[in-house]
Each structure stands twice: as C-alpha cells, then as structure tokens.
Amino acid sequence: MIAPERAIMMKLKSAGLALAISIALPGAAQAETLKVLTAGAFKQVLLAVIPQFQASGHDVKWETDTAGGIAKRVEAGEVFDLVIASPAALDGLGKSGKLEGRAVDLAKVGVGVAVREGAAKPDISSVDAFKQALLAAKGVAYIDPASGGTSGIYVASLIDSLGIGAEIRQKAVLVQGGAAADRVARGEAELAIHQISEILPVKGVVLVGPLPPSIQRYTVYSAAIAAGTKEKPSAQALIDLMRSSAGAAAIKNTGMEPIDQNPPAK
C-alpha cells in the first residue's frame, strides 16, 4: 500500500501536471490558428482557397465586415493576423501602426446590377439606360454608405452625379452588411447594385451585367499582415497561395480579376 503522505504528493503532482496542460494547450491552439479579417467582397475567394491552405497543415478562422467596419474594429484594438480590405482602409491602418510592411494587391472587382431570377433584365448597356432602369425600379438595394462599404459609398455618389439621388433614395433599400442581392431574392427590392463577387453567390438572383464602362468603379482588394503577429509565416503562406495560379483561378471564378497571377519569387 502507498503511504498517505506519498499518495497526497502523487495527487498534487498529477493535479499540477493537469493544470499545466490545461494552461498550455489553449495557448498552443491559439498560436496555430490564423485569424483573418476580410471585406465581404473577397469572402468567396477566401472560402475557395481555405481547404488547400488547411491541407498544407495550417488552421484558419475568418470574419467578414465592410472595409470601413474592419478598419474601425482594428483601430479599436481587435486582435488579428491578416487583413484583406481596400487599399484606402489599409493605408489608414498602416499609418496608425497596425500593419507590418506593405500591403499586397490581390484582385479587383467591378460593380454590377442584379435582378430576381426569372425577372426581365433591364437594359443597362449605357449610362442613360442604367439611369432609366433605376428610375423604373420599385426598389433599389445597395450597401448603406454609413456602414463603410466601398460599393455603397460609390453608389451614393453615383446617383447624385446622375442627378437622380433624391428619387432613388426615396425607394432605396439600404443594407448594413452582407449581400445587397439578398434583398432582391426576398422580394424587398427590384434591383441590387453591388460588387459582382457579392452578387454571383446569392441564390435566387441573376447578374444583369456590370455597370457601363464610363461609370464603372473597380475596387482593389489587398492583404496585409498584422504588426507583431506571431503567425507571420502562416499569414505569408496564405498570401502566397492567393497569389498563386490556384488563387488566380479562385479569384476569376468569383467574378473578380487577379492583379498578380504569378506566384512570388522563391
């Protein structure tokens, strides 16, 4: 039999070891998980490359927001490892010391128009035709500019420049986050104006087409690594994957255009 004193010491050692393991494991798991903050327009690209990224031994979790929303969250102190947003949003974060090094441009995407599946597609082949389509629509959904969404800010300025701002705002369906085309699918609006990569994944809607060339607005999406992150190698590996031929294919499949289709030099 084991002496009472020895039994007590063995239990204490076992408890100490269990405590050490319980403290060490969560930290280790956290250190191995890459946290990505991405603008909604780039979400589908990220989802497409994550399986290959995980197959190479990496773990990742991600959250989406508008470019402006991401900037506010990071400025407020949210911890992350990699951020994907517009250059304007990243420039501000870089100036405030939140990022390490320069951002890497990944893709660009234009703005398009969506209607409900089965509905007649309006003519948007010219600026005047696009203008008349907006005026004729019973409701127009787009991202609320106040939320910081890149497309919403542009649409708000576009309708003013076309001289129809007041008319469109009276029937606007402003979306705080997510896909504007969802409102068309639900029957809450007749048209949606959003980045093409945000329209294509939505079930129940179809893409009418991109805006006419003279009023088209492309948004570039870039990636940047967080200052001081311990996951810099994993973050760089994900950037390299998105710049590879596989990443370029994923970008094209989501309605975006790769900016750099060549993998970085080894």
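The values are calculated or read from the model by the stated rules, or taken from the named source; none is laboratory data. Note that the coordinates shown come from a computational prediction; the quantities given were computed from them, not determined experimentally. Reconstructed Cβ throughout: ideal geometry from the backbone, glycine too, with neighbour counts over all protein chains shown. Surface areas here come from the heavy atoms of the whole protein model, side chains and all, with no ligands, DNA or RNA. Shrake-Rupley method; radii C 1.70, N 1.55, O 1.52, S 1.80 Å.
Key figures
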{"quantity": "Computed label-point distance, nm, for sites Ser157 and Ile259 using a 7 Å Cα→Cβ extension", "calculated": "1.8"}
{"quantity": "Computed E for Arg217/Ile164 - FRET, C-beta separation, R0 22 angstrom, nearest 0.05", "calculated": "0.85"}
{"quantity": "Rounded tilt (10° steps) of 4-32 against the dominant C-alpha axis of the chain", "calculated": "20"}
{"quantity": "Once the Cα gyration tensor of segment 95-195 is diagonalised, semi-axes √(5λ) in Å", "calculated": "28, 15, 14"}
{"quantity": "Within the accessible area of segment 141-266 (1.4 Å probe), percent carbon and sulfur", "calculated": "51"}
{"quantity": "Crossing angle, helix 232-242 versus the chain [Cα axis fit, 0-90 degrees, rounded to tens]", "calculated": "40"}
{"quantity": "Among Phe42, Phe130, Phe80, residue whose mean-square fluctuation peaks in a GNM of the chain (springs only between Cα atoms under 10 Å)", "calculated": "Phe130"}
{"quantity": "The chain - Rg over Rh from alpha carbon coordinates, Kirkwood radius", "calculated": "1.15"}
{"quantity": "Value of relative contact order over segment 77-190, rounded to a whole percent, pairs C-alpha under 8 Å and six or more apart", "calculated": "26"}
{"quantity": "Max mean-square fluctuation residue, GNM over the chain, Cα-Cα springs under 10 Å, options Arg102, Arg183, Arg116", "calculated": "Arg102"}
{"quantity": "Contact order normalised by residue count of the chain, Cα under 8 Å, 6+ apart, percent", "calculated": "26"}
{"quantity": "Straight-distance crosslink candidates among aspartates and glutamates, where the alpha carbon sits under 15 Å from Lys61 and sequence neighbours closer than 8 are dropped", "calculated": "Glu32, Glu78, Asp81, Glu231"}
{"quantity": "Most mobile of Gln236, Gln170, Gln216 in a GNM of the chain (Cα contacts under 10 Å)", "calculated": "Gln170"}
{"quantity": "Where labels lie 7 Å past Cα in the beta-carbon direction, separation of Lys121 and Arg73 in nm", "calculated": "3.4"}
{"quantity": "For segment 137-228: accessible area per residue (Å², 1.4 Å)", "calculated": "40"}
{"quantity": "The chain - mean residue ellipticity at 222 nm from DSSP helices (-39,500 (n - 2.57) per run, n ≥ 4, rounded to 500)", "calculated": "-13000 deg cm²/dmol"}
{"quantity": "Separation of the Leu47 and Ala88 label points, Cα + 7 Å toward Cβ, nm", "calculated": "2.6"}
{"quantity": "Acute angle (nearest 10 degrees) that the helix 43-55 long axis makes with the longest principal axis of the chain, alpha-carbon atoms", "calculated": "30"}
{"quantity": "Restraint check, Lys121/Lys252; Lys121/Lys171; Lys72/Lys131; Lys203/Lys232, Cα-Cα greater than 30 Å", "calculated": "Lys72/Lys131; Lys203/Lys232"}
{"quantity": "Difference of contour (0.36 nm per residue) and Cα-Cα distance, Glu188 to Glu32", "calculated": "51.9 nm"}
{"quantity": "Solvent exposure, largest accessible area first (probe 1.4 Å, DNA, RNA and ligands not counted), of Leu162, Leu46", "calculated": "Leu162, Leu46"}
{"quantity": "Solvent-accessible area, 1.4 Å probe, carbon plus sulfur percent, for segment 47-101", "calculated": "52"}
